[in-house]
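Okay, structure first, notes after.
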Amino acid sequence: MKCPKCVSAELETKMGPQGSAVDLCPSCQGVWLDNGEVYLYAKDPQGVFQALKEAYAQGAPSPRTCPRDGSRLQQVRPGGSSLVIDACPSCGGDWFDKGEIQQLNVLLSKKVDAKCSRPAPSLPDVPKLEKRPAPSEGMRGPLLPALPNLAFRSGGVLISLYAILVAFFAALSLFFKVDIGYAFLAAGLGIVLNFLLGPTLMDWSLGWMHRFRWITHQELPGDLKPFLERLCLDERIPLPRCGIIEDGNPNAFTYGHTPGNARLVLTRGLIDLLDEDELKAVVAHEVGHITHWDMAFMTLAALVPAILYVIYRICMKASRRRSSSRGKGGNPLPFIGLAALLLYFITQYVVLFLSRTREYYADRFAGAALRAPGKLASALVKIAYGLAGRRDEKAEEGKEEPLGLSAVRSFGIFDPVGARGLVAASLVGTQGQLSKQNIMAAMQWDLWNPWAGFFELSSTHPLPAKRIEALGRQAESMAKEPFVRFDFQQPESYWDEFLVDVLVLYLPWMLALLAVLAWNMVPGALPLKAWYWNALGLWAVGYLFQAHLSYPRSDVLPASVASLLKQVKVSGVRGIRVKVSGKIIGRGIPGYLLSEDLVLQDKTGFLTLDYRQPMAFLQWVFALSSAGRLVGQEVEAEGWYRRAPVPFLELRSIRGSGGESFNCYTLAAKFAFGGLVLAAAVFFGLGW
């Protein structure tokens, strides 16, 4: 973004004192605050909101332009003071020249000192900014930390997984007298058949389920063929067989037994979306998977949880049949099934860990092969946008994007869930330009909030921010300019908020467990029935308290998508009550008529609107009867901003420009349900 005052100077994103990023000009030391950010620093946000609202109504044209969308700013005087602020009526942001922040403290009781990661004592309110110089060509950058040995880590994981499987079979033989010879034979046969037939089955699946065709290497776009030939020659592997899927969603994946029979598949959307170097970077990433034997390692690793899950299903089904025919006594199958299920979850998380590790190696391989890690980073951002769906174009045409390649998501270059989170941060403006400021602001949550690591445990790919940061470090080690330079210093630890969130999340069950433990300690103090109702009553108290904390009833203040993306402390439990305005450009799941969620676009980014009702059929009714009518309308949405890990606004109400208004009653239903359960527990617990 350009400085409104200096025009040519680029604004730099720096950490503010509230754990939120602000945009500062290193030349004139002015500050840009997105819509809603000024209220983070106000003791009386509602009073500041009213003062600014009145000032906006009496604004005069300013010669400066908005750094967000290029529209003309307005000069406003908040509270009738002599302070003149340049405000954007389009995106709602405000520009403060040097010294105007100190004057604003007359209206705000808390300083907006916009401290950054490198404060200078001479200017405590707006510190002098010193941008870290980018390494120049030919000058060695910072030393790139070495990744752990891939063969050692992969081999260790495989040995651990199969050791768990062998130990499980041995335990069956020892404790339950189960003959494990046939079990080993069946498991071994399954492993061999899956490994041998897997690629062939994938070939058939692609041909049946997608518009797929094999292509010759001469049909590869641009000079991708000589690049691929050189890469494979350097790695001493054969050229992979190439195929293309005629689908608009950008994706790329590889599969096969070994590098000798690898398949490389690209989609038409990927070829159309990326420039030549970005496409080479993605192909190099996939070649990295091939040369590292990822296909074989991941196939062998994934078989262990698959076998354990099959054992769980067989045991539970056989247990029900045996119980119905012979009674419940002496049946070990439920215990075997539950043990297999527990080991399934453990081994599945181990497999996901291995998958994320190998993605880092493929990223680094691609960066080294092209000598431009920034190209893969920019490709990831573009692919994220494509995977989330080009909803704005489809909304104008009255069409929706199909769901895409659901059958090959685990093989893709990007996790679609991570893509949805990154796309909200990466685009700005009506033309969908990439915003590196937005990306860096949103990266804070992925890199600092412990909830991000929690969600990453269930993902096949690392969080997008971690991949982009790692590619940035690789670029600097090569004396190249990274796509995004994330040089913020974490202002504080967020583990205290995380632990409070976890406590609130499980509070109802913890209180109920407390009643159960009390009954075990003093079993004769009250009848068992009374303890039961006491446990239910404590659960209801925890449930009501959880709803109270998760849905703050603070003042509703306006905010932009960009300002919300900078909030690091939010989570699925901890929300911020806000109001956003923008245009509905599509449904949450493109092409799915029962998708009740919507996607809002303002001048600063995209945000998913989560429409929730106490009963699912009410959501279906809204999806079928009303959601489509809101597409293309300017709306005002009120609710609670959350992130889990995708940023979204849980709606309380939404009002369209056509006059229609829709309310969500989830919060009211939660309090009503909790109150009824508590009343029932008190009534029956006291024996009334």
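The values are calculated or read from the model by the stated rules, or taken from the named source; none is laboratory data. The shown structure was predicted, so the numbers you read here are calculated from the model rather than taken from an experiment. Virtual Cβ from ideal backbone geometry, glycine too; neighbours counted across all protein chains shown.
Which condition number does LEU174 fail, the rest of (1) in a helix (DSSP H, G or I); (2) under 24 Å from LEU354 (Cβ atoms); (3) modelled with pLDDT under 80 being met?
All conditions are met except number (2).
Is one or more of the residues making up the range 526-544 closer than 30 Å to ARG371 by Cβ and either β-branched (Val, Ile, Thr) or modelled with pLDDT of 90 or more (or both)?
No, every residue in the range 526-544 fails to be closer than 30 Å to ARG371 by Cβ and either β-branched (Val, Ile, Thr) or modelled with pLDDT of 90 or more (or both).
Given the condition free of Cβ contacts under 8 Å to residues at least 40 places away in the same chain, outside the structural domain of THR604 (by TED's automatic domain parsing) and among the β-branched types (Val, Ile, Thr), answer yes or no: does some residue in the range 55-66 qualify?
Checked against the condition, which is being free of Cβ contacts under 8 Å to residues at least 40 places away in the same chain, outside the structural domain of THR604 (by TED's automatic domain parsing) and among the β-branched types (Val, Ile, Thr), the range 55-66 yields no hits at all.
Would you check which residues across the range 264-286 are closer than 29 Å to ASN149 by Cα, touching a residue at least 40 places away in the same chain (Cβ under 8 Å) and buried (at least 21 other Cβ atoms within 10 Å of the Cβ) and list them?
VAL265, GLU278, LEU279, LYS280, ALA281, VAL282, VAL283, ALA284, HIS285, GLU286
Please state which one of SER657, SER661, SER653, SER625 is in contact with a Lys or Arg (Cβ under 6 Å, 6 or more places away or on another chain), assigned by TED's automatic domain parsing to the domain that holds ALA559 and surrounded by fewer than 19 Cβ atoms within 10 Å (Cβ to Cβ).
Answer to the check: SER661.
From the list HIS257, HIS289, which one is closer than 28 Å to ASP247 by Cβ, surrounded by fewer than 21 Cβ atoms within 10 Å (Cβ to Cβ) and in the same structural domain as ARG230 (by TED's automatic domain parsing)?
Result: HIS257 is the single residue among HIS257, HIS289 that is closer than 28 Å to ASP247 by Cβ, surrounded by fewer than 21 Cβ atoms within 10 Å (Cβ to Cβ) and in the same structural domain as ARG230 (by TED's automatic domain parsing).
Within the range 476-504, which residues are out of contact with any Phe, Trp or Tyr (no Cβ under 7 Å at 6 or more places or on another chain), of a type outside the set (A, V, I, L, M) and in a loop (DSSP other than H, G, I, E, B)?
Those that are out of contact with any Phe, Trp or Tyr (no Cβ under 7 Å at 6 or more places or on another chain), of a type outside the set (A, V, I, L, M) and in a loop (DSSP other than H, G, I, E, B): LYS480, GLU481, PRO482, PHE483, ARG485, PHE486, ASP487, PHE488, GLN489, PRO491, GLU492, SER493.
Which numbered condition trips up SER458, out of (1) in a loop (DSSP other than H, G, I, E, B); (2) within 17 Å of the chain's Cα centre (by Cα); (3) surrounded by 15 or more Cβ atoms within 10 Å (Cβ to Cβ)?
Only one criterion in (1) in a loop (DSSP other than H, G, I, E, B); (2) within 17 Å of the chain's Cα centre (by Cα); (3) surrounded by 15 or more Cβ atoms within 10 Å (Cβ to Cβ) is unmet by SER458, namely (3).
Using the structure shown, decide if ARG612 is on the phi < 0 side of the Ramachandran plot, assigned to a loop (DSSP other than H, G, I, E, B) and among the charged types (D, E, K, R).
Here the answer is yes, as ARG612 does meet what is asked.
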